[in-house]
Amino acid sequence: MPVSFRRLAAVVFILGSVGLPALVAAPAPAPAATDPMLARLFPSIVRIEVIRLRPSDGRLTKQWTAGSGVIISAAGHVLTNCHVTEDGDYFRCYLFDGSHLDAKRVGEDALTDLAVLKLDLTQRPKDAAPLVVTAFGDSDKLAAGDVVFALGSPGFVAQSVTRGVVANPSMVLPEQSAGRFLLRGENVGALVRWILHDAQIFGGNSGGPLVNTKGEIIGINEIGVFNLGGAIPGNLARSVAESIIRDGRVIRGWSGLTVQPRLEADGGGGGVVVGDVAKGAPAEAAGLRPGDLILAVGGTAIESAEEKAVAHFNRLEAAQVPGAEVALEFLRAGTKQTAKVKLTPREPAQADDVEVTGWGAVVRNLTPRVARDERLPDLQGVWIENIRPSGPSGQAEPVLRREDVLLSVDGQKVANVAELRALTERLLKNAPKGVRPVLASVRRDGAVISSVVELRAVDSRNTTPQVRKAWLGAASQPLTPKLAARLGLKAEGGARLTRIYPGTKAEAAGLQVGDVILALDGTEVAARRAEDTDVLARQIRQYKNGATVAFSLWRDGKKVELPVILEEQPVPAAELPWHNDYQLEFSVREIAFDDRVRLQLPVAAAGVLVESSAPAGWASLAGLRADDIVEQAGGSPVLALADLKGSRDAAVAAGKDWWVLLVRRRGQTLFVEINLKPTRIKS
């Protein structure tokens, strides 16, 4: 799940984005609604398909997920949840009529779990009807018992609607029983008071609107509480959406205060207690301390209802812009006082994940929140979020770990991710065999340790050519005593031929499946045990390439002498030309002899072999698999690697959205359609 919870399992669940297999059928158009109000609303509901990047095994792997949204402007702005768009790298939105458009993320706000996408309207036909837009209502006017409708696309199926009533227009989740709702390091419950309702909702409904009987948006569905649904209030959603559309983000003021409900020891009444004052924050400069009881913000009294009071204070503070001077009324030792706090910008709690392939790790920049939570002295360094156990970081001495902070490399300080990437590129540029040992300084649990890390270039494929010795174009098995007895052979050991490779000297010499090779030039082939599978091959490798050898055979109950010319071992797969497509995340090479044997390909089979297709990579999401033989690309034959690379380059140069491959898999051919848009359209 994209959102982390603490102690939420039995109480709250995210409705959220659904994770389905990468290849899914395009959803059908939604059925027509009979209610006039719903018929008017349905065309504004959007089904959102997302490819997101998530840290796993030291790299950013791709995941398919989906959610819902609602069109809120004629320009194509779509309002949805942040946990739907979070870490998204590519977005596609399906409209009511079954058509689809690409979209870009305008911005997102983890603190309220809201995000805005913008449809690419240039992909619509010129004669297309204007988009249907749904307007906002006033969510502050909601009352328990009011009828509401939840719209969305559960399970990424056609748009649907359910009806219910408001159970609680201003719900707060008590941390004692429900824990925290964390998204990108932000506590969503610190600001949001949900609209609790019983209109049934399911996975995939996240981001869909909750509307009143007038067809106005009064909430954005987000969570489930037992068998009820929770929606973000429409008034809050509207203000956040307007800020994102205007500025690309929500700009909020920050005091540095962490507050909690009024303590019972202080008696009843309104207000919140200061639990913590961040070091160097505006509140510290204004003289506020832990234990102060804040009664009002900017002249507005804090609510008296415990958890709601915390959310109320946070909303009052978040409504202020950086640079504003806010008067805080508070009690200290029974005396009422006022402090003027000049707010600074509220920074994101968590930075974006970045993959650094030379380290086999996913890293982040440090943020003030992370520095405070982890008790770091400053913001200098790079946070390690995820490593590949078999990669450079995972094989370092000592190994690097999640939550380590990388401070320097070979004595050069790295203040942020950009500096680390640039330094890594320089270190690996001329590294022998693509490997560069470095000494990394890392902060861990308050100490600074040193670790030796062998940085590796991504495309390091340094294979020393093997000396190709004599080889027999046939497969064999040891002739064990039991096998000899069962076959009625009078032989004590040997190699029984199980396959003759077509087009080889062995075939030309007349060797046959079932022949038992007893001796080579009079020297016994001592293969008697099941584990003696390599005895014949080792014996043949003692000869020179092109040597003619007298084979002593058992065939049809008789001993036969047959001259066989030994040929040079075929080129190993590791020495064949190879190409790695880093953007689409798959590698290909020429077809090796062993491939033809293993995959039972005809001698004349043309194409290139897919050596690997990275799990959750773009090619993998399209359905390309290891051992596929690519026979055509873009409608043209693929006879060599150059043909495949040329087709790829031509598709990109032509601005094509799709690259179509014809592949052979297990004796059958099929088309694989790879989406090229994500390689050029970034959120």
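How many of the residues in segment 108-120 are surrounded by fewer than 22 Cβ atoms within 10 Å (Cβ to Cβ) and in a strand (DSSP E or B)?
Residues that pass the stated criteria total 1.
Which residue, of Ala301, Ala265, Ala278, Ala285, is at pLDDT 95 or above, of a type in the set (A, V, I, L, M, F, W, C) and surrounded by fewer than 20 Cβ atoms within 10 Å (Cβ to Cβ)?
Ala285
Take the residues of segment 317-341 that are without any contact (Cβ under 8 Å) to a residue 60 or more places away in the chain and acidic (Asp, Glu): which is farthest from Glu303 (Cα to Cα)?
Glu325
Within the set of pairs 6 or more residues apart or between chains, which connect a residue that is aromatic (Phe, Trp, Tyr) inside segment 277-292 to a residue that is in a loop (DSSP other than H, G, I, E, B) with Cβ atoms less than 6 Å apart?
Taking only residues 6 or more apart or on different chains, not a single pair turns up.
Quick test for you: out of Arg468, Arg444, Arg486, Arg499, pick the one residue that is at pLDDT below 90 and either under 45 Å from the mean Cα position of the chain (by Cα) or buried (at least 19 other Cβ atoms within 10 Å of the Cβ) (or both).
Result: Arg468 is the single residue among Arg468, Arg444, Arg486, Arg499 that is at pLDDT below 90 and either under 45 Å from the mean Cα position of the chain (by Cα) or buried (at least 19 other Cβ atoms within 10 Å of the Cβ) (or both).
Being assigned to a strand (DSSP E or B), surrounded by fewer than 20 Cβ atoms within 10 Å (Cβ to Cβ) and assigned by TED's automatic domain parsing to the domain that holds Ala199 is the requirement here; does Asp89 meet it?
When the stated conditions are applied, Asp89 passes them.
Give segment 346-384 a look and list any residue that's more than 25 Å from the chain's Cα centre (by Cα) and assigned to a loop (DSSP other than H, G, I, E, B), or say none.
Arg346, Glu374, Arg375, Leu376, Pro377, Asp378, Leu379, Gln380
Output the number of residues of segment 513-545 satisfying the condition of being in contact with a Lys or Arg (Cβ under 9 Å, 6 or more places away or on another chain) and more than 26 Å from Gly488 (Cβ to Cβ).
Qualifying residue count, segment 513-545: 6.
Just name the residue that is surrounded by the most Cβ atoms within 10 Å (Cβ to Cβ) out of those in segment 368-404 that are out of contact with any helix residue (DSSP H, G or I) (no Cβ under 9 Å at 6 or more places or on another chain) and of a type in the set (Val, Ile, Thr).
Val370
With Gly617, Gly607 as the choices, which residue is over 29 Å from the mean Cα position of the chain (by Cα) and surrounded by 14 or more Cβ atoms within 10 Å (Cβ to Cβ)?
Selected residue: Gly607, the only one of Gly617, Gly607 that is over 29 Å from the mean Cα position of the chain (by Cα) and surrounded by 14 or more Cβ atoms within 10 Å (Cβ to Cβ).
Name the residue that is nearest to Asn675 (Cα to Cα), counting only residues in segment 637-662 that are charged (D, E, K, R) and in contact (Cβ under 8 Å) with a residue 60 or more places away in the chain.
Out of the qualifying residues, it is Arg648.
If I filter segment 613-670 down to residues being part of a strand (DSSP E or B) and hydroxyl-bearing (Ser, Thr, Tyr), which single residue comes out as farthest from Ile591 (Cα to Cα)?
Among those residues, the one meeting the criterion is Ser636.
Any residue in segment 558-586 that is closer than 23 Å to Gln542 by Cα and among the polar types (S, T, N, Q) sitting within a Cβ distance under 6 Å of a residue that is modelled with pLDDT of 90 or more and part of a loop (DSSP other than H, G, I, E, B)? List the pairs, counting only those 6 or more apart or interchain.
Gln569/Lys469
Pull up segment 586-615, narrow it to residues that are in contact with a Ser or Thr (Cβ under 7 Å, 6 or more places away or on another chain) and at pLDDT below 90, then point me to the one that is nearest to Val571 (Cα to Cα).
Ala614
Please work out which residue is surrounded by the most Cβ atoms within 10 Å (Cβ to Cβ), limiting yourself to segment 587-599 and to residues that are under 15 Å from Arg665 (Cα atoms) and free of Cβ contacts under 8 Å to residues at least 60 places away in the same chain.
Going through the qualifying residues, I end up with Val588.
Any idea which of (1) at positive phi; (2) in contact with a strand residue (DSSP E or B) (Cβ under 9 Å, 6 or more places away or on another chain) is the one Tyr94 doesn't satisfy?
Here Tyr94 clears every test but (1).
Looking at Arg369, Arg375, Arg364, can you tell me which residue is touching a Pro at 6+ places or on another chain (Cβ under 9 Å), of a type in the set (Lys, Arg) and within 30 Å of Ser255 (Cβ to Cβ)?
Arg369
Filter segment 209-240 down to the residues that are closer than 22 Å to Ala324 by Cβ and either within 27 Å of the chain's Cα centre (by Cα) or not basic (Lys, Arg) (or both) and list them by number.
Asn235, Leu236, Ser239, Val240
Where in segment 153-250 are there strands (runs of 3 or more DSSP E), lying fully within it, with 2 or more residues that are surrounded by fewer than 18 Cβ atoms within 10 Å (Cβ to Cβ)?
160-171
Which ones in segment 316-343 are under 23 Å from Arg238 (Cβ atoms), surrounded by fewer than 17 Cβ atoms within 10 Å (Cβ to Cβ) and not small (Gly, Ala, Ser)?
Residues satisfying the conditions are Val321, Pro322.
Take the conditions modelled with pLDDT of 95 or more and either closer than 27 Å to Asp89 by Cα or out of contact with any strand residue (DSSP E or B) (no Cβ under 7 Å at 6 or more places or on another chain) (or both) and apply them to Glu374. Does it pass?
So Glu374 does not fit the description; no.
The values are calculated or read from the model by the stated rules, or taken from the named source; none is laboratory data. Every value quoted in this text rests on a predicted model; they were computed, and no experiment measured them. All Cβ positions, even for glycine, are placed from backbone atoms using ideal geometry, and neighbour counts span all protein chains on display.
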